[in-house]
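Right, one structure below, let's go through it.
The values are calculated or read from the model by the stated rules, or taken from the named source; none is laboratory data. The structure displayed is predicted, hence computed values, not measured ones. Because the Cβ atoms are built from the backbone with ideal geometry, glycine has one as well, and the counts that use them run over all protein chains shown. These area figures cover heavy atoms from the full protein model, side chains too; ligands, DNA and RNA do not enter into them. Shrake-Rupley method; radii C 1.70, N 1.55, O 1.52, S 1.80 Å.
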Amino acid sequence: MLKKALEGEPKYRFKQCYRAIFVDLAESWSEASSLPVELREKLEEVCPISIRAEMKEDAGGSEKALITLADGLAIETVLIAHEDGRNTVCVSSQVGCPMGCLFCATGRIGFKRNLTRDEIVEQVLLFARRLKLSGDKVTNVVFMGMGEPFLNYDNVMAAIKFLNDPDTINLGARRFSISTAGVTHGIKKLAAEKLEVNLAFSLHAADEATRSKIMPINKKFPLPAVLKEINKYTEKTRRRVMFEYVMIDGINDSPKQAEELARLLKGYLGFVNLISYNRTDMFRPSSAESIRRFKQVLEKNRLPAVERHRFGESIEAACGQLSARKNR
Ligand code: SAH
Ligand code: SF4
């Protein structure tokens with residue numbers, strides 16, 4: 001759209017515009033002082049760069065944006081400000097999600113559509129603008145918002161390549177992580193990419209029966225096939241995979257299940273991330289005691305495990321808890 005709007009203008013205008021959007025992080029064309037006033041007015045009309053978003057802040061340092069897209073659908077994006085100075089944007093890749101995991105608020109609303117490259121980029125841009133106000137920057141981007149990124153592979157990769165470009169946000173490939181529920185062909189494609197993007201896999205149960213119960217998609221992409229693809233990915237990239245494991249009371253949190261998990265992941269290049277379950281309308285979160293015991297079993301078996309701390313609970317902004325109620 002920008003290219004079309006700049007037809008007939010000198011060539012360097014395109015670079016100036018990119019600079020205004022991605023380096024100066026202008027909120028609207030009126031702030032792009034390097035451009036002539038008439039051009040700014042024209043651009044404001046034909047390709048506006050303002051983003052329609054409602055913000056909710058949390059005392060714990062996270063912030064959630066409800067973004068309204070051009071067609072009126074809504075998505076959610078979260079900023080997590082870590083104590084160590086990292087600013088991670090958790091982006092959505094789809095409006096809703098077709099995978100239907102029982103514990104997931106996004107899964108419960110079903111699938112509406114894939115996001116375009118620019119709609120993914122826009123989510124990062126929104127928080128880059130907000131962080132600029134306090135002199136900060138986006139340091140990491142994780143595809144852990146609404147949707148299954150590997151069912152929108154091309155647009156997700158196009159967005160990563162775009163944000164990685166020195167002419168835009170210039171964020172290193174290793175600062176991106178894609179989380180998948182186990183779309184094998186996506187893992188395979190990622191392994192073949194030149195860009196070294198991190199991979200996270202939503203495992204959530206080591207045995208097929210439990211996994212199929214909470215993640216119906218396990219029947220289409222069974223665990224052995226997914227793990228085989230992950231193994232190939234790590235062999236090729238030598239990058240550690242994060243195995244996500246949401247701790248759900250009485251479903252997947254027993255010491256016996258921890259033993260099974262340790263057995264399953266023996267020899268894999270990766271670590272387990274124990275995630276506290278954010279209550280949706282199903283299940284209860286595991287107690288702190290069950291999580292502690294579960295982690296102990298993994299450690300005893302020398303399987304590296306970390307615990308993801310709760311954040312953004314009061315604004316329902318933990319990654320993977322996004323629902324954009326507006327769409328229902
Ligand atoms: N579709 C992808 C990425 C988005 S979900 C995937 O499933 O991996 C990002 C993470 O949040 C996943 O690990 C998902 O299982 C987790 N998640 C979903 N609902 C959650 C909830 N209610 N509480 C905690 N984590 C949840
Ligand atoms: Fe989709 Fe991921 Fe939610 Fe499952 S956990 S429904 S794959 S967004």
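Multiplying the residue separation of Asp154 and Glu259 by 0.36 nm and removing their Cα-Cα distance gives an extension gain of 34.1 nm.
Each pair of Cα atoms in segment 7-124 enters the Kirkwood radius, and Stokes-Einstein at 10 °C and 1.306 mPa s then converts it into a translational diffusion coefficient of 96 µm²/s. The tail of the calculated P(r) for the chain, taken as Cα-Cα distances beyond 27 Å, holds 46 percent of the pairs. In the chain, helical runs assigned H by DSSP with n ≥ 4 each contribute -39500 (n - 2.57); averaged across all residues and rounded to the nearest 500, the mean residue ellipticity at 222 nm is -9500 deg cm²/dmol. Element breakdown for segment 164-230 at a 1.4 angstrom probe: carbon and sulfur atoms account for 52% of the accessible area. Segment 96-172 and segment 1-75 have Cα centres separated by 17 Å.
First measure r as the distance between the Cβ atoms of Ser287 and Thr234, then evaluate 1/(1 + (r/R0)^6) with R0 = 30 Å and state the FRET efficiency to the nearest 0.05. Calculated transfer efficiency: 0.35.
Could you give the accessible area per residue of segment 1-50, probe 1.4 Å, as a whole number in Å²? Mind showing how you got there, number by number?
On the way: 3280 Å² over 50 residues.
Result: 66 Å² of accessible area for each residue.
Taking square-rooted eigenvalues a ≥ b ≥ c of the alpha carbon gyration tensor, is segment 1-50 rounded, prolate or oblate, where a/c under 1.5 means rounded and, failing that, a/b exceeding b/c means prolate? List each step's numbers first, then the result.
Numbers: a/c = 1.44, a/b = 1.20, b/c = 1.20.
Here segment 1-50 falls in the rounded category.
Taking 20 Å as the straight-line reach from the Cα of Lys15, the aspartates and glutamates in range (excluding those fewer than 8 positions away in the same chain) are Glu7, Asp24, Glu27, Glu31, Glu38, Glu41, Glu44, Glu45, Asp118, Glu122, Asp165, Asp167. Could you tell me whether segment 88-174 comes out rounded, prolate or oblate from its Cα gyration tensor? Rule is a ≥ b ≥ c as square roots of the eigenvalues, rounded for a/c under 1.5, then prolate if a/b exceeds b/c, otherwise oblate. Taking the square roots of the gyration eigenvalues as a ≥ b ≥ c, segment 88-174 is prolate.
Looking only at the chain, where both bridge partners belong to it, what percent of the DSSP beta bridges are antiparallel (to the nearest 5)? Provide the component values of the computation, followed by the final result.
Values: 20 of 44 bridges.
Here the antiparallel bridges make up roughly 45 percent for the chain.
Looking at this model, which pairs from Lys64/Lys132; Lys188/Lys228; Lys64/Lys161; Lys42/Lys161 are more than 20 angstrom apart at the alpha-carbon? Kindly include the intermediate steps, with their values, before the conclusion.
Numbers: Lys64/Lys132 17 Å; Lys188/Lys228 10 Å; Lys64/Lys161 24 Å; Lys42/Lys161 29 Å.
Pairs exceeding 20 Å: Lys64/Lys161; Lys42/Lys161.
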